[in-house]
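Taking it in order: structure first as structure tokens, then the write-up.
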Amino acid sequence: PQVIKRFTESDPGALNFRYEWMQVAWLMVRQEPLLGLGLNSFVFYLPGNTQYGGPSGLTERFGDVWPVVHNIYLLTWAEQGTIGFLLFLGLHFSIFRTAIRNARNYVDDTLFALNLACIGGLLAIAFDGIGSFYIRYTPGGRLFWVIVAVIHAID
């Protein structure tokens with residue numbers, strides 16, 4: 001029933017919340033553009049950067065666990081700054097470059113198909129990062145690193 005409810009009922013505020021938090025993340029990027037605010041520190045800088053005011057307003061609205069921005073790219077940029085963000089993007093481009101090189105160096109049907117599946121998986125994960133923070137969750141992070149390991153093993 002929960003899965004059916006998720007597909008059939010819409011939460012109109014979910015998209016608005018994502019846009020609101022993206023603006024908050026961009027404000028944080030502008031506060032510390034070069035080095036960022038620090039790893040896993042997004043929620044600590046929420047008070048004063050949102051319309052909810054200080055800690056009591058955020059707790060009243062969201063409870064004890066405050067949400068982070070649902071965009072891995074903005075989250076990385078806010079916490080790690082432009083340097084960390086560029087390194088994060090560089091990591092992804094390096095992985096894709098290796099996967100493309102694997103596809104060009106065709107050796108075996110099975111490895112070729114597995115590599116193409118990994119490329120598709122990486123593209124899906126990268127696209128998903130626009131609306132989530134996949135690497136921060138254990139299942140998403142584990143899937144990402146397993147795909148990376150398979151690509152490098154094929155290489």
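The values are calculated or read from the model by the stated rules, or taken from the named source; none is laboratory data. In this text the structure is predicted, and so the values were computed from the model without any measurement. Here the Cβ positions follow ideal geometry from the backbone for every residue, glycine too, while neighbour counts run over all protein chains shown. All accessible areas refer to the heavy atoms of the entire protein, side chains included, with ligands and DNA or RNA removed. Shrake-Rupley method; radii C 1.70, N 1.55, O 1.52, S 1.80 Å.
Once the mean 1/r over all distinct Cα pairs of region 72-148 is inverted, what Kirkwood radius in angstroms do you read off? Provide the component values of the computation, followed by the final result.
Working: mean 1/r = 0.0753 Å⁻¹.
Averaging 1/r across every pair of different Cα atoms and inverting gives 13.3 Å.
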Quiz item: Which one of Ala78, Ala126, Ala25 has the biggest mean-square fluctuation once the chain is modelled by GNM with Cα springs under 10 Å?
Solution: Ala126
Practice problem: Heads up, I need the accessible area for Met22: 1.4 angstrom probe, whole protein in place, Å², nearest 10. | Solution: 40
Quiz prompt | log10 of Debye I(q)/I(0), alpha-carbon scatterers only, for region 1-103 at 0.15, 0.20 Å⁻¹ | solution = -0.74, -0.98
Quiz item: Extension gain Leu15-Arg30, at 0.36 nm per residue separation less the Cα-Cα distance, in nm?
Solution: 3.1 nm
Quiz item: For Phe127 and Phe7, what is the calculated FRET efficiency with R₀ set at 25 Å and r taken between the beta-carbons, to the nearest 0.05?
Solution: 0.80
Quiz prompt | Dipole of the chain, positive direction: furthest Cα of Gly141, Ala78, Ala113, with charges on the beta-carbon | solution = Ala113
Exercise. Have a look at Gly48, Pro67, Asn16 and report the one farthest towards the positive end of the charge dipole of region 1-92, computed about the Cα centre with Cβ charges (Lys/Arg +1, Asp/Glu -1).
Key: Asn16
Exercise. Mind checking the per residue accessible area of the chain for me, 1.4 Å probe, whole number of Å²?
Key: 63
Quiz item: What is the mean projected area of the alpha carbon convex hull for region 114-155, to one decimal in square nanometres?
Solution: 2.7
Exercise. Enter the angle in degrees (range 0 to 90, nearest 10) between the Cα long axis of helix 12-31 and the first principal axis of the Cα atoms of the chain, meaning the one along which they spread out most.
Key: 90
Practice problem: Let me know the charge dipole size of region 98-155 about its Cα centre in debye, to the nearest 20, where only the beta-carbon of Lys, Arg (+1) and Asp, Glu (-1) is charged. | Solution: 200
Quiz item: Between Gln51 and Leu91, what is the FRET efficiency for a Förster distance of 25 Å, r being their Cβ-Cβ separation, to the nearest 0.05?
Solution: 0.15
Quiz prompt | Net dipole in debye of the chain [+1 Lys, Arg Cβ; -1 Asp, Glu Cβ; about Cα centre; nearest 20] | solution = 160
